[in-house]
1. Radius of gyration and Dmax for segment 1-207's Cα atoms, expressed in Å?
2. Residues of segment 248-277 with amide nitrogen under 15 Å from the 7 Å Cα-to-Cβ point of Asp319?
3. Which FRET efficiency, nearest 0.05, do Met42 and Gln140 yield, Cβ-Cβ r, R0 25 Å?
4. As a test of the formula, what do you get for the chain when each DSSP H run with n ≥ 4 contributes -39,500 (n - 2.57) and the sum is divided by the residue count, at 222 nm and rounded to the nearest 500 deg cm²/dmol?
5. To the nearest 0.05, how large is the calculated FRET efficiency for Asp172 and Arg219 if R₀ is 22 Å and r is the Cβ-Cβ distance?
6. If the cut-off is 16 Å between C-alpha atoms, which lysines fall inside it for Lys200, apart from same-chain ones fewer than 8 positions away?
7. In percent, how large is the relative contact order of the chain, given Cα pairs closer than 8 Å and 6 or more residues apart?
8. May I have the extent of the alpha carbons of segment 221-334 along their three principal axes, as whole Å values ordered from largest to smallest?
Amino acid sequence: MTEGQSYDAEAGAALLDMLVESEISTLKQVPRIVRCIHQWFMTNTDESVEHSLDNTLVELTDAHPHDVVVALLRCAPSCDRAAAAMWRMMVTTSMTTKKVFRELLCVLEDWPLHSTSTCDGDQQDVLALAATRALWEILQMPRFPRGLKVYFPRLLLALLFQVVYSTEQMPDEVDTFWRECQEEGGLPTSPSRFIVLTVKALLCRLGYRLVAFEVERKRGWDTLLHAETHHCAMGLLAREIRVVSRHLNASVVSYLVELLSRNEPRCELPAMAFLVEILASPGPNVRAESFLQLVPRYLQSTCSMTRSLLLKGLNVICDTPWMVPKMRFLVQRLTDLLQDADMDMVRMTLSVLRKVVRDPSVPISTPIALQLAERLQPLFDNESWYVRQLSVSIFKKVIERVANDGKKLLKTLVHQSLLPLIFHVFDENKAVAATCRDTLLQATAFLKKEKLRQVVLRDQQTEAIGECLLVECRSRAAEYLGQSLTYVQSPQDSIREAAVAFLGVLGQHMRAQPEKFRLIYHTVQHATKDSSPYVQRQALHTLPLLRAAAASGSSRSRLQELQSQLRQAWRRRRPSLWGNGWLCCWGSAQD
């Protein structure tokens, strides 16, 4: 077929056709035959002659799809005219189409090289980009290949990941190969742009032309071509796809979960971005339970963006009520995330936790309740109002749901929360203020501080609430002083005003402790120069009260000293005084 006159070549082709048909199962030289057929297509331009080996190629592909596909990718990686004709012939018949796409997928999913061997012992690697080039030629066919729809989800994702990988690394062999392809003309300057063209062609052939258009309109394809933003483009494409087909969504989720279960960190971020957006599609076919299996592993990822996407996915799953009980095993891991330095991560964690802990079917054990209470309190003062509200609302649920054996241990932490909650009742954000008031009522009920609870219910003045708090919890005055001094530095005017008002009440209770009283007085005095006129006014109103308390405390101290002296005198001279009838002095001393 490769030598001699055309008559001899045609005779050889006919003989080969007959031999393949009769001995196809025992053939050991399939790659050599494929190369021979490719050369036959190259040297014969007459259509009648060119197609004389079509049946041979189809029979060979049906019996040995792996060897045929790999051999053709090796002998014609740039997909010349002859190779394009062979690919089209191989996918036009129902018995070979699926087999060809399956073999192409194996190559497409490995970047940049697919390691394989054929029956002749050849172990030369195959370029994934060569398979993309072959797929591009198949997509140009006027007739729709039937097997394309079956493998569409995996083909789409394999191509998308190729774009991602090619933006991050371009090996020398790929670069050299692409320069050779460009010499044939008509191809983009970079492999990544060619792969994007192939993705668009695939979408259009499967009837998703509108998806490709929307992504183009939102500049998603350009975003995909940059390593820093490719995960954003993956998310955008997934959002456009998820409304198309529920069955397609389920297939994509299944494949992505399988992919992320492997140890392939290079596909971690784009795959997670795509998966999370697909999870947002409604319907039972979306395998959310499979996604939950990935959570313990990827919550420990070194990539903060991956962890963020994972939490976004959990938030989506939480919106399905029957899925929440299945997340109970994550409560401990989510609690640990509250110490993350990234506040966006903490915010998303709180959002998931709130949905989980409010479900009555999810138990909150004593150790977790204590950890949650301890880690939530520092978030009460977060600069984000949403974080403040979420942390306080979860704290309320912890108080409500803690097991009986943990109530005694939780009391100390609830006591520590009282004053912060009181101050945030005056939070500038109304939603936070309302949540804090509800939580404060729950905390006072938990601690059995009924008088304080009643004051909170009927009175919104800091002085009245603070006075009752100090009466109910007198032994914690020193602790309250430390907390108040922190809140005097709050960025919120209303909270600084409440802190100054409380210091006035606290100072009256601590007038017998000179050092602490002086600290309170100087703090209030400094507040008269506050940037807020409301804080200044509260400080000017509080100072006279502190002076009066100081004067009262001084007079009382002198009276107590006189009483002490009288007692000492009575003890020393009681017999003589008794004899002289000084009974009234004894009675006064005792009083």
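1. For segment 1-207, the Cα-based Rg and Dmax read 16.8, 52 Å.
2. Counting only backbone N, you get 276-277.
3. Result of the calculation: an efficiency of 0.85.
4. Helix contribution divided over all residues of the chain: -23000 deg cm²/dmol.
5. 0.10
6. Straight-distance partners of Lys200: Lys149, Lys218.
7. Relative contact order here is 6 percent.
8. Taking the Cα atoms of segment 221-334, the three principal extents are 41, 33, 22 Å.
Each value in this text was obtained by applying a stated rule to the coordinates, not by laboratory testing. Quick caveat: nothing in here was measured; it's all calculated off a predicted structure. All Cβ positions, glycine included, derive from the backbone under ideal geometry; neighbour counts span all protein chains shown.
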